[in-house]
Amino acid sequence: MFCMQATSCRLAFALIWSSNCTISGYYVKGRKQSGNYAPLLETGQRMVDTRRLEKFMNLGEQASPEGQARGATSPPRPSLALSGHRDMRRSAQERAAIAHRRSCIDENWAALGDHSRDPAPDARVVEFNLQARSSDIIGRFDVLRTQLVQTFRSRQMVSLGVSAPRSGAGTSFVAAGLIASMARRGDLRVIGLDLNLRAPGLHRYFEITPQNPVLDLLSGLVGPDAALQRLTDTVALAVGQPAGDMALSTQFSADDLAVTLADLHDSYAPDLIICDLPPMLGGDMALAMCGHLDAMLLVADSQRSSTAEMAECERLLSGQAEFLGVILNNYSGGELV
């Protein structure tokens, strides 16, 4: 198994990839998948219409000497101009519809409010974020970003969940690192959701002030335009205050997440939606959420996460979402078994 060894013990992580796609330079242990993952054609592209050719063939057969000998009469030649104009009008209407949708999506992104900087971030958080911006850590996240983008495009996926067996493994750190890497690329529209509703932490890595609880977005109390903060022109975050147990028990439903994801897709058409989830083994909330996501990444702490915990998480994910692999956080080098 190939791992990326890091020089910084605290911020280091290794990639233990179990994706089904081929990744050059990495050990792939993926399960074989069937099916065609070729990207879909653009809506404006059309298949060749063979019905006209069939009409010509039928007309030619009926006008042949054999047909005349049998006394067959040729029907009047249909006007192809009308059908051609109809196809042209339909194609123009489709192009206009696509252009209108893109214009609406651009307007929705432009209407999002800018993020609010935390006026007094914790000094330890600031120091940690400075270390996380080192070229070594940035390079590792950029590699992971490229792998994810290739995988998601080939399999037509959008939503990604990031979780861990227990809290403190670095789930928010990995999710934030991926979001920041997407922002550096600049050509992908990405939405980040902090779905660790009891203990949200995504905002700390961007040093921004949380707004309404994300639970308000999921329950429909506020719309996406009120919950999202624009980090860059192509990246927006929904981060919030912790939700109490009473609010979670009365307001949260996993089906609400499915509705929220659909609303985000319709209004903002993101290339990726990256969700920071609660721990897998800390209750049933993460399991309920991942059933509505396309794919999952797990984060393991090299000093605290056990093999049994990782195996249990993978078992729980079976049949729920595509399990892409494991990020080994807090890795200081050495051989993995």
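From A180, A199, A227, grab the single residue that is closer than 16 Å to D263 by Cβ and either at pLDDT below 95 or acidic (D, E) (or both). None of the others qualify; the one that does is A227.
Looking across F173, F152, one residue alone is under 16 Å from the mean Cα position of the chain (by Cα) and hydrophobic (A, V, I, L, M, F, W, C). It is F152.
Scanning the range 172-193 for residues that are touching a Pro at 6+ places or on another chain (Cβ under 9 Å) and closer than 17 Å to D114 by Cα yields a count of 3. Quick one: is S219 in contact with a helix residue (DSSP H, G or I) (Cβ under 6 Å, 6 or more places away or on another chain) and either at pLDDT 85 or above or surrounded by fewer than 21 Cβ atoms within 10 Å (Cβ to Cβ) (or both)? It is true that S219 is in contact with a helix residue (DSSP H, G or I) (Cβ under 6 Å, 6 or more places away or on another chain) and either at pLDDT 85 or above or surrounded by fewer than 21 Cβ atoms within 10 Å (Cβ to Cβ) (or both).
Set side by side, the residues T171, T209 differ, and just one is more than 22 Å from E107 (Cα to Cα), touching a residue at least 60 places away in the same chain (Cβ under 8 Å) and surrounded by 21 or more Cβ atoms within 10 Å (Cβ to Cβ), which is T171. Scan the range 272-280 and tell me whether some residue there is in contact (Cβ under 8 Å) with a residue 24 or more places away in the chain, surrounded by fewer than 16 Cβ atoms within 10 Å (Cβ to Cβ) and either assigned by TED's automatic domain parsing to the domain that holds G186 or not β-branched (V, I, T) (or both). No - not one qualifying residue is present in the range 272-280. Test A254 against the stated conditions and say whether it is buried (at least 16 other Cβ atoms within 10 Å of the Cβ), small (G, A, S) and in the same structural domain as L197 (by TED's automatic domain parsing). For A254, the condition - buried (at least 16 other Cβ atoms within 10 Å of the Cβ), small (G, A, S) and in the same structural domain as L197 (by TED's automatic domain parsing) - is not met.
Determine if the range 209-218 includes at least one residue that is β-branched (V, I, T) and over 16 Å from the mean Cα position of the chain (by Cα). Among the residues of the range 209-218, at least one is β-branched (V, I, T) and over 16 Å from the mean Cα position of the chain (by Cα), which makes the answer yes.
Considering only residues in the range 111-148 that are over 20 Å from the mean Cα position of the chain (by Cα) and crowded, with 17+ Cβ neighbours inside 10 Å, the one that is nearest to L297 (Cα to Cα) turns out to be I137. Only a single item in (1) touching a Gly at 6+ places or on another chain (Cβ under 9 Å); (2) touching a residue at least 40 places away in the same chain (Cβ under 8 Å); (3) crowded, with 19+ Cβ neighbours inside 10 Å is not met by A227, and it is number (2). May I ask you to verify whether G240 is more than 18 Å from the chain's Cα centre (by Cα), assigned by TED's automatic domain parsing to the domain that holds T171, surrounded by fewer than 16 Cβ atoms within 10 Å (Cβ to Cβ) and within 25 Å of M296 (Cβ to Cβ)? Considered against the rule, which asks whether it is more than 18 Å from the chain's Cα centre (by Cα), assigned by TED's automatic domain parsing to the domain that holds T171, surrounded by fewer than 16 Cβ atoms within 10 Å (Cβ to Cβ) and within 25 Å of M296 (Cβ to Cβ), G240 comes out as no.
The values are calculated or read from the model by the stated rules, or taken from the named source; none is laboratory data. Every value quoted in this text rests on a predicted model; they were computed, and no experiment measured them. With ideal geometry, Cβ positions are generated from the backbone for all residues, glycine too; neighbour counts draw on all protein chains shown.
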